[in-house]
Amino acid sequence: MAEVLVYVDHVDGAVRKPTLELLTLARRIGEPVAVALGNGAADTAAALAEHGAVKVLTADAPEFTDYLVVPKVDALQAAYDAVSPAAVLLPSSAEAKEIAARLALRIGSGIITDAVDLEAGDEGPVATQSAFAASYTTKSRVSKGTPVITVKPNSAAVEAAPAAGAVEALTVSFSDKATGTKVLSRTPRESTGRPELTEAAIVVSGGRGVNGAENFAVIEALADSLGAAVGASRAAVDAGWYPHSSQVGQTGKSVSPQLYIASGISGAIQHRAGMQTSKTIVAINKDAEAPIFELVDYGVVGDLFAVVPQLTDEVTSRKG
Ligand SMILES: Cc1cc2nc3c(=O)[nH]c(=O)nc-3n(C[C@H](O)[C@H](O)[C@H](O)COP(=O)(O)OP(=O)(O)OC[C@H]3O[C@@H](n4cnc5c(N)ncnc54)[C@H](O)[C@@H]3O)c2cc1C
């Protein structure tokens, strides 16, 4: 069976959920061979094996942390040369998309970014993408070289599928370009204790209807009852009520959770562009004519300050 390279996103050995989702998709098209780089790379092996990795190629070197993406591209290319895979899969994070693009260019292959599904095809893997603010669903196949495909978080279920997960050290020689851009400092973002917006299974967002920074506590309370991330429309961000890093939409982040709850958001095309591929969409809006209701699975016409706290109480009481 053909091998499929899976680029591992991890933090000091803790594998992030989108990588486990990639393993589910990789198993549809071949045998997953994971590539884990940097500090704690070898510690990823158990989780990767549990989810189907037949092999885990690891490399650690200061270059991976001291410089921007090129050393990682060098390593992924070394893995590519060693394995000759049928496809290379990466998560659709900003960094991994840059790595994917650089690798595709180096190996002369086509690339598909932001896939939301992947299946085996007679002439190579077929990727589903959502285009034009999710107005269209497209299916594409790379017709040149080895497909390099990035996949959005929440596109597949995490499935246990125990495999050998044999750890092998990957030999990497860094190119001249590897040390071209040095990282000078890192400042960790203050943790909210909530899941990362683009990876969260549930996102609760607030818009102009929230009417003030202090009122976002209502949105946060619902999010916390559901273990969700908090998002915001641009109107709410521009008003200074919530940080730009939480903006969902065309000029913000793209999210694709299992459940998206929009409160006090009208549903402008630019907002939809970032959330329309969510699996189930719920909106709470006091205007029955708000465009958001055109795309929802469930809609509540009502004042969010009456509806959202009730929802929070109901969720909390059912958990108790
Ligand atoms: C180039 C460009 C890029 C953009 N990028 C983005 C982007 O990335 N993300 C984004 O979100 N927008 C983006 N926008 C802005 C976008 O066009 C809209 O202006 C914005 O999404 C509106 O935000 P909103 O829905 O919160 O506000 P509004 O459109 O003002 O809607 C507020 C809604 O809240 C409802 N409401 C008010 N009070 C309550 C209440 N008490 N209870 C319930 N409902 C209530 C109202 O009925 C209304 O429907 C972009 C625009 C441009 C031109």
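Bear in mind these aren't lab numbers, they're just calculated from the coordinates by the rules spelled out. Every value quoted in this text rests on a predicted model; they were computed, and no experiment measured them. Positions of Cβ are generated from backbone atoms using ideal geometry, with glycine treated the same way; all protein chains shown enter the neighbour counts.
Which of the trypsin sites (Lys or Arg not before Pro) found in the range 256-320 are in a DSSP loop and have at most 14 neighbouring Cβ atoms, other than their own, within 10 Å?
Here the sparse-neighbourhood loop sites are 279.
Measuring from label point to label point, each 7 Å out along Cα→Cβ, what is the residue 81 to residue 107 span in nm?
Those two pseudo-labels are separated by 1.3 nm.
Over the range 3-179, calculate the relative contact order: mean separation of alpha carbon pairs under 8 Å at least 6 apart, over the residue count, as a percent.
For the range 3-179, the relative contact order is 31 percent.
Percent relative contact order of the range 202-319, based on C-alpha pairs within less than 8 angstrom and at least six residues apart? Walk me through the numbers before you get to the answer.
Values: 251 pairs, mean separation 29.1, N = 118.
For the range 202-319, the relative contact order is 25 percent.
Reachable lysines from residue 279, Cα under 19 Å, same-chain residues fewer than 8 places away excluded?
Hits, sequence-local ones excluded: 17, 139, 152, 253.
If you average the alpha carbon positions of the range 66-88 and of the range 102-142, how far apart do those two centres end up, in angstrom?
The distance from the Cα centre of the range 66-88 to that of the range 102-142 comes to 19 Å.
Quick one: check the C-alpha center-to-center distance for the range 267-320 versus the range 1-51, whole angstrom.
If you average the Cα positions of each part, the centres end up 35 Å apart.
With both partners inside the chain, how many of the DSSP beta bridges are antiparallel, as a percent to the nearest 5?
Details: 12 of 56 bridges.
Counting only bridges with both partners in the chain, antiparallel ones make up about 20 percent.
Sorted from largest down, give the three principal axis spans of the alpha carbons of the range 230-270, whole angstrom values.
28, 19, 18
If the cut-off is 13 Å between C-alpha atoms, which aspartates and glutamates fall inside it for residue 97, apart from same-chain ones fewer than 8 positions away?
Hits, sequence-local ones excluded: 9, 114.
Pairing the Cα long axis of helix 304-319 with the longest principal axis of the chain, what angle in degrees results, from 0 to 90 and rounded to the nearest 10?
Relative to the chain, helix 304-319 is tipped by roughly 60 degrees.
Express the relative contact order of the chain as a whole percentage, based on alpha carbon pairs under 8 Å and six or more residues apart in sequence.
Numbers: 754 pairs, mean separation 48.6, N = 320.
RCO, the chain: 15 percent.
Hey, for a label at residue 138 modelled as a point 7 Å past Cα toward Cβ, could you say which residues of the range 236-278 have their backbone N under 13 Å away?
Residues passing the 13 Å test: none.
Divide by every residue of the chain the summed helix terms, -39500 (n - 2.57) for each DSSP H run of at least 4, and state the resulting mean residue ellipticity at 222 nm, rounded to the nearest 500 deg cm²/dmol.
Working: 9 runs with 88 residues, N = 320.
Result for the chain, helices only: -8000 deg cm²/dmol.
Summing Lys, Arg as +1 and Asp, Glu as -1, what charge do residues with Cβ under 14 Å from the Cβ of residue 316 carry, residue 316 excluded? Write out the running numbers ahead of the final one.
Values: positive: 318, 319; negative: 220, 224, 313, 314.
Net charge around residue 316: -2.
How big is the Kirkwood radius of the chain, worked out from every pair of different alpha carbons and given in Å to one decimal? Can you show the working numbers first?
Values: mean 1/r = 0.0483 Å⁻¹.
Here the Kirkwood hydrodynamic radius works out to 20.7 Å.
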